[in-house]
Amino acid sequence: MWDERIRPRRGPVLRGMLRLLTYTCVLLVVPLALLACGGDDDGEEASGQQVDVSATEFAFNPADLELDAAGTYTFHLTNAGEFEHALEIDGQGIEEETSVIGGGESADVTVDLAEGEYEIYCPVGNHREMGMEGTLVVGAGGGAGAGTGSETTEDDTATDDDAGTGGTTG
C-alpha cells in the first residue's frame, strides 16, 4: 500500500505525454504545410510576371513582345530546337541574358524593365544575323496577354505594325 502512494499512476502520465506529442506534431506540421501551399505564390510575387519565349533554328516565338507596364519580369526561354541558344535583352541601360542552353532545356532571366523599347536576340555565334532577333516594347498599353506567362495570338495582330516598319531598326 505504501508503494501506491509514492508511485505515480501511469495512465494519466502517458495520456499527458501523448497529448504533448500530438500538439508538438501539429505545431511542426501546420507551418510546413502552409509553406508548401504558399511557396509558389511567393516566388512569383518576388520575380514579377513571367514571359514565355521559345527558341528554334533560327527564330524566337514570339519575336516581338509588348508589355503593358514597367516592372520586374522573368523571361522563361525554352529551347525547342537542336542547337544551343540564349536570350539577351538589350536597351534602356540594360543588358541581361539567360545562360546558353541546349535543345529541350530552359533558362530564366529576371529583368527590371522601364518603359521603352528593347532589342531581344540570341547572342550565340551568328544566330542574331540569321534572324534570331526581335523587339520588346514596355508601356505600349497593347500587350495585355504578353506578360502573363501564356503564349497568345495577340502577336499575330502586331503584323500590321510590322508591315509598316520594314522589319529593321537602328
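The values are calculated or read from the model by the stated rules, or taken from the named source; none is laboratory data. Because the structure is predicted, anything quoted here is derived from the model rather than measured. Methodologically, a virtual Cβ is constructed for each residue, glycine included, from the backbone with ideal geometry; neighbour enumeration extends over all protein chains shown.
Take the conditions (1) exposed (fewer than 14 other Cβ atoms within 10 Å of the Cβ); (2) at pLDDT 50 or above; (3) in a loop (DSSP other than H, G, I, E, B); Glu95 misses just one of them, which is (3). The condition (being part of a strand (DSSP E or B) and of a type in the set (Phe, Trp, Tyr)) is satisfied by just one residue among Phe75, Phe83: Phe75. With the condition kept exactly as written, say whether any residue in the stretch 100-115 is closer than 15 Å to Gly139 by Cα, hydrophobic (A, V, I, L, M, F, W, C), touching a residue at least 60 places away in the same chain (Cβ under 8 Å) and out of contact with any Leu (no Cβ under 6 Å at 6 or more places or on another chain). No, the stretch 100-115 has no match at all. For Glu44, the requirement of being modelled with pLDDT of 70 or more, within 23 Å of Thr98 (Cβ to Cβ) and acidic (Asp, Glu) is not met.
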